[in-house]
Amino acid sequence: MKRLRQNLAIGMMRAARTASRSQVTRKVLGGRSVRRFPLVNRLYHTVFRLGVAGNDQDVRARYRGVVLTGPVWDATVMPSISAGYYEEFEVSVFEQLASVSRSIVDVGANIGAYACTGAARLPRDGRLIAFEPVPENAAYLRRNVEGNELADRVTVEQMAVGAAPGELTVHLSGEQSGKHSAAAANVGTSAGAVTVPMTSIDAYLDGNGLGSPDVIKIDVEGYEGFVLHGATRTLDSAPTLLFEVHPELQANCGADAGELLDLVFARYRWVFLVDELDNVLRPCTRADLDAPGTIGLYRSNLVAVGREEHLDAVRRWHDL
């Protein structure tokens, strides 16, 4: 009965996702997410709580060959992981890059969906450094790394990453474990704040005697520009980047998305816009990203490729 209930709930969640991604829905909502309506969010999470999570405080789900545990209160990350569609195209790209890499830095690792799936595909002597500043997320991240027997490949650092070492106040979201941000305006329903130690990529790598990684993934709810400004020496060796461009979130953090893009395009020849709807990497220029409507829902992540082997690894998704 429990399995039937879970399958029914997941079926409903997947159907809702398909409907929200349809052309009609996107046209009616002007390219915005149906999840912006509080009632829709409550219904979605109620189905998840009753059908998948039950009365447990933690949710455990198999996802792309690993098992991940996360908080039941989360309204987005854990439901989509449980249903198997959490950022599925982006994770596919990340896994493929990991398979031809030896070292990865994951900034904003959350509970470890990218860290665990990526580390599982690294060579046996590969290393992944996962930065996660929020204590609850970091605890789940460690649990998931250890539970998937990846502790020999993954180093968990419970700290923020920015332009320079110091401290950062992180505002906590009461809606999503992946929505905590340096800007209070980005978190939706507030659940307080926590001040955490902060490093920079350059300072951390230099301080630990580490060379530049092959891949850097960044998901920090508007703080991306600060992370890259703290990695200028590291970027000299052109590690492949996966990061989000969301002008509103970045402006709320006191950064400018245009400056972030200028920094990337000044250093990278191959930059792709991730198209989640068509599951392709679309080659783009700096000017392309200034055009109205280019960046938006389902098209807010970029991959800047710095290595020939990485370009070849993701060739199935682009036409260069």
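Quick notes on this one:
- Test: residue in segment 266-282 that is out of contact with any Gly (no Cβ under 7 Å at 6 or more places or on another chain), in a loop (DSSP other than H, G, I, E, B), under 23 Å from ARG102 (Cα atoms) and open to solvent by 30 Å² or more (accessible area, probe 1.4 Å): yes
- Answer residue from segment 283-296, given it is in contact with a helix residue (DSSP H, G or I) (Cβ under 7 Å, 6 or more places away or on another chain) and part of a loop (DSSP other than H, G, I, E, B) and is surrounded by the most Cβ atoms within 10 Å (Cβ to Cβ) among those: ILE295
- Exactly one residue out of ARG142, ARG127 is at pLDDT 95 or above, surrounded by fewer than 21 Cβ atoms within 10 Å (Cβ to Cβ) and closer than 14 Å to LEU68 by Cβ: that is ARG142.
- If you go through segment 42-75 and keep only what is touching a residue at least 40 places away in the same chain (Cβ under 8 Å) and open to solvent by less than 40 Å² (accessible area, probe 1.4 Å), you end up with GLY51, VAL52, GLY54, TYR63, VAL66, VAL67, LEU68, THR69, GLY70, PRO71, ASP74, ALA75.
- Those strands (runs of 3 or more DSSP E) of segment 140-203 in which 1 or more residues are in contact with a His (Cβ under 7 Å, 6 or more places away or on another chain) and closer than 25 Å to ARG42 by Cα occupy 166-173, 190-199.
- Cβ separations smaller than 7 Å between residues 6+ apart or across chains give the following pairs from segment 234-250 residues that are within 23 Å of ASP275 (Cα to Cα) and in contact (Cβ under 8 Å) with a residue 24 or more places away in the chain to residues that are of a type in the set (A, V, I, L, M) and open to solvent by 30 Å² or more (accessible area, probe 1.4 Å): VAL245/ILE295.
- Selection count where residues are crowded, with 24+ Cβ neighbours inside 10 Å and assigned to a helix (DSSP H, G or I), scope segment 106-124: 6
The values are calculated or read from the model by the stated rules, or taken from the named source; none is laboratory data. Note that the structure is predicted; figures quoted are calculated from it, not measured. In this analysis, Cβ positions are derived from the backbone assuming ideal geometry, glycine residues included, and neighbour counts consider all displayed protein chains. Only protein heavy atoms, including side chains, enter the accessible area calculation; ligands, DNA and RNA are left aside. Shrake-Rupley method; radii C 1.70, N 1.55, O 1.52, S 1.80 Å.
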